[in-house]
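All remarks here apply to the structure that follows.
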Amino acid sequence: MSGARKVYIKSFGCQMNVYDSNRMADMLAPEGYAETASPEDADLIILNTCHIREKAAEKVYSELGRMRLIKQAAARDGRLVTVAVAGCVAQAEGAEIVRRAPSVDLVVGPQSYHRLPGLLAQVHRGERAIDTEFPIEDKFDALPAPSREATRRRGVSAFVTVQEGCDKFCTFCVVPYTRGAETSRPVDKIVTEAQHLAEAGVREVTLIGQNVNAYHGEGPDGRAWTLGQLLHRIADVPGIARLRYTTSHPGDMEASLIAAHRDLPALMPHLHLPVQSGSDRILAAMNRRHTRADYLNVIARVRDAQPAIAFSSDFIVGFPGETDDDFDATLSLVEEVGYAGAYSFKYSARPGTPAAELADQVTDDVKAERLQRLQRSIDRHQAGFNQRCRGQTFDVLFERMGRHPGQIVGRSAYLQPVQVMADAAIIGEIAPVTITDLSTNSLFGTLARPVEAREPLLMQAGG
Ligand code: SAM
Ligand code: SF4
C-alpha cells in the first residue's frame, strides 16, 4: 500500500494510551499513513479512549459527535474518512459504541491494535471491523520499531511499556477488565527499544505499566527479573541519563526496587505511589491489600534509601461508605507524607466493578466538598515544595521550546516544568539551573553555567 494518507490520533487518559497511540502511528507508517495534528485533514481518525471514570468515557461520545461532522463534510467533498475507536472504552463498550455512534467504522481493544492494518482492509471492503479480543500472540512482537524521525519528533523523554494489565482487582477499578491479566515484556525486548530511543536522541525513559512494580519479565538468564534489576540494565544503555517508572502499587515495592533508589544515580528521586485513601476501613473495602501503616512503612523505607525523594499520589474521595472520619484520615495522611503533588478524583461507579454494587454510595455534593478540601491541602503542600526550590540549583533536562521567543522548557528531577532563556541547541541537554522565580505551575531560572550542546534536537513549541 502507498500514497500520502493521513492519520489523526487523539489520546485520552493515562500515559499508556500516549505510548499506545505512538505505537499505532508506527504500525500505520509502513501502510502509507503520515501523522497529522488536524482531524479535518485525516483519512483515518483514531480516538484512543479511557474508561477509568464515567466522565472520561462520556468524553469519547461527545468527541465522536464532532468526528461524525468531519466525516460528513469530507464525504461531501468526495473523500472517505474512517473513524476508529481504540483503547479501554473500545474494550469495555464495543457494541454500545457502534449502537450510539453509527459513524464508527472500526473498534479495536488495547490488546489487538497490532491488527489495525487487517482491520482497516476489512473497513475498505465495506465491512465494519470490531476486535476486542485478548489475543494469545504478543502485540509488541508485531509492532515495528519507531522510525528515528518519529522518535525525534516525539521528544527527548519517552515512555516504554514494560508491564500491562493488573491482577489486583481493587473494587473500584476497571483496569483488570479492560487491560486484562498482568503480563511483563522480556528484558531483551525492552532494552532493544530503549537502545533505539537513545540512538534517536532520547535522554529520559519512563518505564510504564498499570502496575509497573509488579514487573516480572524474563531476563537474559531465563529467570524472572524484578523492576529493580530492569532499571539497572536500562541505566547501562548509552545515552539514557534519566529513568523513571510509573504507576506503582505500594504492595509491590520490593527490596531491589527500593535499593535502586539508593544505588542508581539515573533513577530520579520522584515516586508516584497511589494510596487512594488514608482510612484502613476504606482501604480494606477497596481491596487495596495494604493498610495505612504498610504504606507509611514503604514511604519510610524509600526515604531511607534516597533522602532526596519526593512523593506524589492518587486519591479517591467518596468511595461507598466513606464517613467524615475516613475522609479526615485521608487528610491527615496528606499532612503526614507531605506530597510534592497528587491527583485526586471523586469516586465514579464503574459498571461491572464490585464497588458499583455497594448500597451506601456517597452523594455528589459530599464528594465535591471533600474533593475541594483535599485539593486545597494537596495544593498547599505542592506550593510549599515549589517554594523551597527558590534559590536552589539543580539539573534540568531541556525538552522543547517554550511559548515565548528564546524560552526553553525542561523538567527538574521532580518533574516540575522549568523555564529558562537559552539557545534552542540545549534541547536534549541536562544542565544545572538556579531557580529565581515561580508561578503556580512552573519554575523560572537561569543556567548556572554555559552549556555545550551536542547534536541539536528541535522540538515543537507548546504544551
Ligand atoms: N494502578 C494504579 C494504582 O494502583 O493506583 C493506577 C490506576 S488508574 C489508571 C489511575 C487512578 O485513577 C487510580 O490511582 C485512582 O485514583 C483513579 N481511579 C481508578 N478508578 C476510579 C474510579 N472508579 N473512580 C475514581 N477514580 C478512579
Ligand atoms: Fe486498578 Fe491500580 Fe488497583 Fe490494578 S492496582 S486494580 S490498576 S487501581
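Filter the range 383-412 for residues that are in a loop (DSSP other than H, G, I, E, B) and touching a Leu at 6+ places or on another chain (Cβ under 9 Å); which is most open to solvent (accessible area, probe 1.4 Å)?
Once the filter is applied, the top-ranked residue is ARG390.
Going by the conditions given, is HIS216 of a type outside the set (Gly, Ala, Ser), closer than 27 Å to GLY87 by Cα, open to solvent by 10 Å² or more (accessible area, probe 1.4 Å) and within 16 Å of ligand 2 (Cβ to nearest atom)?
Answer is yes for this residue.
Only one residue in GLN416, GLN375 is surrounded by fewer than 21 Cβ atoms within 10 Å (Cβ to Cβ) and more than 16 Å from ligand 2 (Cβ to nearest atom). Which one?
Just one listed residue meets the conditions, GLN375.
Given the criteria of a type in the set (A, V, I, L, M) and either surrounded by 21 or more Cβ atoms within 10 Å (Cβ to Cβ) or over 30 Å from TYR19 (Cβ atoms) (or both), does ALA266 qualify?
It is false that ALA266 is of a type in the set (A, V, I, L, M) and either surrounded by 21 or more Cβ atoms within 10 Å (Cβ to Cβ) or over 30 Å from TYR19 (Cβ atoms) (or both).
If you go through the range 1-56, how many residues are in contact (Cβ under 8 Å) with a residue 60 or more places away in the chain, in a helix (DSSP H, G or I) and over 13 Å from the mean Cα position of the chain (by Cα)?
The number of residues fulfilling the criteria is 11.
What number of residues in the range 52-65 are surrounded by fewer than 18 Cβ atoms within 10 Å (Cβ to Cβ) and more than 18 Å from VAL107 (Cβ to Cβ)?
So the count comes out to 2.
Read through the list (1) among the hydroxyl-bearing types (Ser, Thr, Tyr); (2) away from ligand 2 (no atom under 16 Å from the Cβ); (3) closer than 22 Å to GLU54 by Cα; (4) surrounded by 13 or more Cβ atoms within 10 Å (Cβ to Cβ), then give the number of the only condition that THR363 fails.
The one condition THR363 does not meet is (4).
Within the range 350-396, can you find the residues that are at positive phi and in contact with a strand residue (DSSP E or B) (Cβ under 7 Å, 6 or more places away or on another chain)?
Result: GLY391, single match.
From (1) more than 16 Å from ligand 1 (Cβ to nearest atom); (2) crowded, with 20+ Cβ neighbours inside 10 Å, pick out the condition that doesn't hold for GLY239.
(2)
Condition check: away from ligand 2 (no atom under 16 Å from the Cβ) and open to solvent by 50 Å² or more (accessible area, probe 1.4 Å). Does SER157 satisfy that?
no
Sort through VAL81, VAL60 and tell me the only one that's more than 27 Å from GLY180 (Cβ to Cβ) and touching a helix residue (DSSP H, G or I) at 6+ places or on another chain (Cβ under 6 Å).
Sole residue among the options that is more than 27 Å from GLY180 (Cβ to Cβ) and touching a helix residue (DSSP H, G or I) at 6+ places or on another chain (Cβ under 6 Å): VAL81.
Going residue by residue through the range 259-272, is there one that turns out to be more than 18 Å from ALA310 (Cα to Cα) and within 21 Å of the chain's Cα centre (by Cα)?
No, the range 259-272 contains no residue that is more than 18 Å from ALA310 (Cα to Cα) and within 21 Å of the chain's Cα centre (by Cα).
Restricting the range 166-203 to residues that are away from ligand 2 (no atom under 11 Å from the Cβ), surrounded by fewer than 22 Cβ atoms within 10 Å (Cβ to Cβ) and among the acidic types (Asp, Glu), which is farthest from GLY217 (Cα to Cα)?
Checked the range 166-203; the qualifying residue farthest from GLY217 (Cα to Cα) is GLU199.
On the basis of being open to solvent by less than 50 Å² (accessible area, probe 1.4 Å), β-branched (Val, Ile, Thr) and under 26 Å from ALA194 (Cα atoms), does ILE9 make the cut?
Yes: the conditions hold for ILE9.
Find all pairs meeting these conditions: Cβ atoms under 7 angstrom apart; at least six residues apart or on different chains; first residue within the range 331-354 and over 13 Å from ILE378 (Cβ atoms) and modelled with pLDDT of 95 or more; second residue in a strand (DSSP E or B) and open to solvent by less than 50 Å² (accessible area, probe 1.4 Å).
Final answer for the pair search is LYS346/VAL317; TYR347/ILE316; TYR347/VAL317.
The values are calculated or read from the model by the stated rules, or taken from the named source; none is laboratory data. Everything numeric in this text was worked out from a predicted model, so none of it was measured. Positions of Cβ are generated from backbone atoms using ideal geometry, with glycine treated the same way; all protein chains shown enter the neighbour counts. Remember, those area values only see protein heavy atoms, side chains included, never the ligands or the DNA or RNA. Shrake-Rupley method; radii C 1.70, N 1.55, O 1.52, S 1.80 Å.
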